[in-house]
Amino acid sequence: MRVRGWACALWLTILPCAPAEGEVILHGFAQAGYAARITGAALPSGGGDFLVGDERLQLSLSGAIPAGVGGFSAKVDFFHDAVAGTTGLDVREAYLDVGGGKIRARVGRQIITWGTGDLLFINDVFPKDWTALFTGRPLEYLKVGSDALKLTGQVGPVGLEAVAVPFFEPDRLPSAERFFLYDPFPQVTRRTSEEPRSDLGNTELALKVSGSLSGWDLALYTHRGYYQTPIMVPDDTAVPPSLSMRYPRRNVYGGSVRGAALGGVVSLEAGYYDSPEDGSGTDPLVPNSQALFLAGYQRQLTADFTVGLQYYGERTLRYDRYLSNLPPGFPKQDELRQIATARLTRLLKYQTWKLSLFGYWSPTEGDFYLIPEVWHSLADGVWFSAGANVFGGRSETSFFGQLDKNDNVYVNLRYEF
């Protein structure tokens with residue numbers, strides 16, 4: 001659990017003082033979710049088959065500040081983790097909106113989504129919870145809130161969105177306590193993690209400039225910050241040997257376009273990841289700079305059946321230097337990693353049933369990830385979903401191949417109020 005003290009203090013102070021004359025809306029849900037591994041393999045850590053045993057209550061409060069100067073919103077989850085035997089509090093969002101007209105500000109914990117990808121991300125550099133995706137939790141839990149200041153404005157037809165994130169929030173990755181994962185340093189048991197310190201100079205900055213032209217949505221992006229997934233830095237001179245996890249700096253520059261074409265919706269996105277800590281491309285432990293691209297197409301074939309396709313690629317720059325400095329025995333990444341995805345969605349019985357399948361396949365790494373799911377509305381505000389996460393690959397060092405022993409089934413039940 002990661003809860004920023006200033007965000008909690010802010011909302012404990014503000015919410016009890018919400019103006020009586022303003023409209024305050026309270027809603028939320030109660031939810032139970034469970035996921036269990038079905039491969040029969042035993043974890044080295046001694047963990048069992050259950051990946052998730054989650055019961056939670058979310059309360060969401062929102063309202064307007066008098067005189068029309070802004071508003072507020074908060075989403076807080078109270079949860080019980082039956083696998084770990086713990087309870088806790090997760091502040092999903094807690095922010096104030098101030099201003100109106102052409103310039104607005106949002107300060108506090110907020111979820112920010114950029115880019116055009118469907119479960120593929122180039123210019124969406126904000127944190128994600130991959131454990132939530134791999135265990136079948138509702139898709140809203142893939143995104144993690146950032147404690148940030150966001151300014152939005154409009155200059156004629158051009159929209160501006162500037163974000164400052166002073167407190168680094170990494171991606172939430174599967175842990176070896178619950179997942180089978182590839183470990184290049186299995187002999188090292190002493191491990192530490194080092195996140196960027198909360199200094200003004202380490203504040204992540206991002207800017208999005210957007211507009212439309214002839215029915216097409218256009219956007220440019222830039223970001224100065226850090227990779228959201230850590231690198232492993234071994235120290236063989238320490239006794240016993242140690243391994244530190246840290247987050248290198250990264251600069252991102254990109255753009256996207258989306259619009260109606262070819263009987264559906266076409267999207268294109270590209271980005272350049274500048275790795276300033278390895279400008280020469282000779283450090284095999286720090287990511288090389290990369291060029292990334294994504295093409296997507298979505299079409300509604302019938303009234304209740306939709307198909308979405310995507311093709312993604314990331315090219316490692318200065319690849320020859322990367323190869324010449326790769327230590328013996330280390331797994332080699334491809335110069336051009338490619339991924340194709342497909343999403344099939346069918347609605348039935350007046351849209352009270354939804355059958356869906358999302359799949360990743362990498363022709364270069366030879367691995368895949370499938371998510372079949374059935375969703376059903378039992379009554380107004382009551383629904384359940386059930387599905388599976390199926391992984392596979394020819395190598396235990398590839399992204400999805402390392403998860404091959406983690407195939408699982410899941411079920412979620414939610415009552416919304």
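The values are calculated or read from the model by the stated rules, or taken from the named source; none is laboratory data. Every value quoted in this text rests on a predicted model; they were computed, and no experiment measured them. Every residue, glycine as well, gets a Cβ built from its backbone with ideal geometry; the counts of neighbours run over all protein chains shown.
Could you name every one of the strands (runs of 3 or more DSSP E) located completely within the range 1-101 that has at least 1 residues being at pLDDT 95 or above, basic (Lys, Arg) and in contact with a helix residue (DSSP H, G or I) (Cβ under 8 Å, 6 or more places away or on another chain)?
In the range 1-101, the matching strands (runs of 3 or more DSSP E) lie at 24-37.
Pick out the one residue from Gly366, Gly271, Gly263 that is surrounded by 15 or more Cβ atoms within 10 Å (Cβ to Cβ) and at pLDDT 95 or above.
Unique residue meeting the criteria: Gly271.
Specify which of the listed residues (Asp183, Asp147) is acidic (Asp, Glu), in the same structural domain as Ala238 (by TED's automatic domain parsing) and within 29 Å of Asp90 (Cα to Cα).
Asp147
Answer yes or no as to whether Leu357 is surrounded by 15 or more Cβ atoms within 10 Å (Cβ to Cβ), more than 20 Å from Glu314 (Cα to Cα) and under 21 Å from the mean Cα position of the chain (by Cα).
Here the answer is no, as Leu357 does not meet what is asked.
May I ask you to verify whether Arg394 is in contact with a strand residue (DSSP E or B) (Cβ under 6 Å, 6 or more places away or on another chain) and either surrounded by fewer than 15 Cβ atoms within 10 Å (Cβ to Cβ) or touching a residue at least 24 places away in the same chain (Cβ under 8 Å) (or both)?
On the way: in contact with a strand residue (DSSP E or B) (Cβ under 6 Å, 6 or more places away or on another chain): no; either surrounded by fewer than 15 Cβ atoms within 10 Å (Cβ to Cβ) or touching a residue at least 24 places away in the same chain (Cβ under 8 Å) (or both): yes.
No: the conditions fail for Arg394.
From (1) surrounded by 18 or more Cβ atoms within 10 Å (Cβ to Cβ); (2) modelled with pLDDT of 95 or more; (3) not basic (Lys, Arg), pick out the condition that doesn't hold for Gln298.
Among (1) surrounded by 18 or more Cβ atoms within 10 Å (Cβ to Cβ); (2) modelled with pLDDT of 95 or more; (3) not basic (Lys, Arg), Gln298 violates only (1).
Test each condition in (1) part of a strand (DSSP E or B); (2) surrounded by 15 or more Cβ atoms within 10 Å (Cβ to Cβ) for Gln154 and report the one that comes out false.
Gln154 satisfies every listed condition except (2).
So, of the residues in the range 69-116 that are among the β-branched types (Val, Ile, Thr) and in contact with a Ser or Thr (Cβ under 7 Å, 6 or more places away or on another chain), which turns out to be surrounded by the most Cβ atoms within 10 Å (Cβ to Cβ)?
Result: Thr116.
For the range 176-190, give me each residue that is in contact (Cβ under 8 Å) with a residue 40 or more places away in the chain, within 19 Å of Leu285 (Cα to Cα) and surrounded by 12 or more Cβ atoms within 10 Å (Cβ to Cβ).
Residues satisfying the conditions are Leu181, Tyr182, Pro184, Phe185, Val188, Arg190.
Any idea which of (1) in a loop (DSSP other than H, G, I, E, B); (2) modelled with pLDDT under 95 is the one Trp114 doesn't satisfy?
Of everything listed in (1) in a loop (DSSP other than H, G, I, E, B); (2) modelled with pLDDT under 95, Trp114 misses just condition (2).
Kindly check whether there is at least one residue in the range 117-134 that is in contact (Cβ under 8 Å) with a residue 12 or more places away in the chain, on the phi > 0 side of the Ramachandran plot and surrounded by 22 or more Cβ atoms within 10 Å (Cβ to Cβ).
No, that holds for no residue.
Residue-by-condition table, conditions (1) within 22 Å of the chain's Cα centre (by Cα); (2) within 27 Å of Ile231 (Cβ to Cβ):
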residue	(1), (2)
Asn325	no, yes
Arg346	no, no
Trp353	no, no
Asp367	yes, yes
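For the range 212-222, does any single residue satisfy the condition of being loosely packed, with under 15 Cβ neighbours inside 10 Å, at pLDDT 90 or above and in a loop (DSSP other than H, G, I, E, B)?
Yes; the residues of the range 212-222 include at least one that is loosely packed, with under 15 Cβ neighbours inside 10 Å, at pLDDT 90 or above and in a loop (DSSP other than H, G, I, E, B).
List the residue pairs whose Cβ atoms are under 6 Å apart, where the first residue sits in the range 81-100 and is under 21 Å from Gly145 (Cβ atoms), the second is among the aromatic types (Phe, Trp, Tyr) and modelled with pLDDT under 95, and the two are 6 or more positions apart or on different chains.
Cβ pairs passing all conditions: Ala94/Trp11.
Given Arg299, Arg321, Arg315, which one is within 23 Å of the chain's Cα centre (by Cα) and free of Cβ contacts under 8 Å to residues at least 60 places away in the same chain? Even if it seems obvious, please write down each step before you answer.
Details: Arg299 fails: within 23 Å of the chain's Cα centre (by Cα); Arg321 fails: within 23 Å of the chain's Cα centre (by Cα).
Residue meeting the stated conditions: Arg315.
Output the residue which, of all residues in the range 405-417 that are touching a Ser or Thr at 6+ places or on another chain (Cβ under 8 Å) and not hydrophobic (A, V, I, L, M, F, W, C), is farthest from Ala379 (Cα to Cα).
So, considering only residues that are touching a Ser or Thr at 6+ places or on another chain (Cβ under 8 Å) and not hydrophobic (A, V, I, L, M, F, W, C), the one farthest from Ala379 (Cα to Cα) is Lys405.
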